[in-house]
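Report on the following structure.
The values are calculated or read from the model by the stated rules, or taken from the named source; none is laboratory data. What you see is a predicted model, and the numbers here were worked out from it, not measured in a lab. Cβ placement follows ideal geometry from the backbone for every residue including glycine, while neighbour counts extend to all protein chains displayed. Quick note on the areas: whole protein, heavy atoms, side chains included, nothing else; ligands and nucleic acids left out. Shrake-Rupley method; radii C 1.70, N 1.55, O 1.52, S 1.80 Å.
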Amino acid sequence: MERGWNGPLPFYMTYPEMTLREEEEKALRDLEYLQQMYSREARRYQKRIAEVLDKMDYEGSMIYDEYPDRLSLRAVCDAMMSILKQEEENPPEELVQVLLYYEIYRRRLNGKSKRFRLFVG
């Protein structure tokens, strides 16, 4: 006797990627909504971080590595701090680091959705 599903598969089981894509898009919307609630200072840093990361945002960039190593991320953070220190006296390093990692995460999530859309659609 054969085991397993014997009837036609329900729609949601034939296209599980649709559910994943919708979840990724919802997560991205949630993150962007919460980002709007940052303090003025945090938004200013986040905007500057995004501008600098735009130069690192290309296919094959280390920010898209499956497991970016701590040393590389630390080097990016140090470079970001150097840039910010030229613009103001004492940028808060821990805030900058958290905002940087968040922005990398947001881009990775958004990039994954874009690559998925190219593959599916």
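Structure values in brief
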item: Checklist (1) under 24 Å from Ser39 (Cα atoms); (2) open to solvent by 70 Å² or more (accessible area, probe 1.4 Å) applied to Glu66, failing item; result: (1)
item: Among residues of the range 61-82, those that are part of a loop (DSSP other than H, G, I, E, B) and either in contact (Cβ under 8 Å) with a residue 12 or more places away in the chain or of a type in the set (Gly, Ala, Ser) (or both), counted; result: 2
item: Cross-chain or 6+ apart pairs with Cβ under 9 Å, the range 38-54 first and under 16 Å from Tyr105 (Cβ atoms), then acidic (Asp, Glu) and part of a helix (DSSP H, G or I); result: Gln46/Glu103; Ile49/Glu103; Ala50/Glu103; Leu53/Glu103
item: Residues located in the range 83-105, provided they are part of a helix (DSSP H, G or I) and open to solvent by less than 40 Å² (accessible area, probe 1.4 Å); result: Leu84, Val96, Leu99, Leu100, Tyr102, Glu103, Ile104
item: Among residues of the range 33-60, those that are open to solvent by less than 70 Å² (accessible area, probe 1.4 Å) and either within 17 Å of Gln97 (Cβ to Cβ) or in a helix (DSSP H, G or I) (or both), counted; result: 12
item: Hey, Asn90 modelled with pLDDT under 95 and under 22 Å from Arg21 (Cα atoms) or not; result: no
